[in-house]
1. Within the range 54-68, is there a residue that is farther than 21 Å from LEU133 by Cβ, in contact with a helix residue (DSSP H, G or I) (Cβ under 9 Å, 6 or more places away or on another chain) and modelled with pLDDT of 75 or more?
2. Hey, can you tell me all the residues within the range 1-41 that are surrounded by 13 or more Cβ atoms within 10 Å (Cβ to Cβ), without any contact (Cβ under 8 Å) to a residue 24 or more places away in the chain and either of a type in the set (Val, Ile, Thr) or over 17 Å from LEU140 (Cα atoms) (or both)?
3. Can you find, within the range 118-145, the residue that is nearest to VAL76 (Cα to Cα) among those that are of a type in the set (Lys, Arg) and crowded, with 17+ Cβ neighbours inside 10 Å?
Amino acid sequence: MTDFFYLLASLPELYADKAPPISHDQFLIRCGQELNPHQMALLARCRYEGFRFEGDSGFPPALARWMDFEHSLRLVTARSLARKNDLVTELPATGLTDSGALAAANRILQEDAPLERARAIMNVRWKFLSGLLEEKLFGLDAVCIYSLKLQLLEKAALWNQEAGERILADIIEKVDTGEYGRQN
């Protein structure tokens, strides 16, 4: 427990409305100095990108609740978006729990703009993780929650309208000049 306390105390504070103060890669390097290989393997399974539901995951209790919530949130949101767009699709109900995901998905789907929907999803996830952190201030749960929050911030940092417009202008320029898609 002392190792977790020292590690967590050495990390910068994360804020939902600010850019990430460190990269996730820097965080993992720092964790690698304090955590054993088993703990690092568990930490590596706490991912948003490439998320895979693991029903009986061996996660500590707080992370098992996150796994249920994330899985349910993704299923409920996907089903609702499919219905909203008149798509006929059967999504599996396996592993679906409420965990507040049903109410959260309804709030998220009130947003029509994809960027606003993405921000709403981030806020729902952030609040859920913050609630878990209140229960598990220290320990491996807290390190994993920090990791998940940092991943959220890194993803949100990509939602920059000016940067997106620059990327789009670059793509359009490359298409106009015939550079886009050319093999070197």
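1. Looking through the range 54-68, none of the residues is farther than 21 Å from LEU133 by Cβ, in contact with a helix residue (DSSP H, G or I) (Cβ under 9 Å, 6 or more places away or on another chain) and modelled with pLDDT of 75 or more.
2. PRO21, GLN26
3. ARG125
The values are calculated or read from the model by the stated rules, or taken from the named source; none is laboratory data. Note that this is a predicted model, so its numbers are computed, not measured. Because the Cβ atoms are built from the backbone with ideal geometry, glycine has one as well, and the counts that use them run over all protein chains shown.
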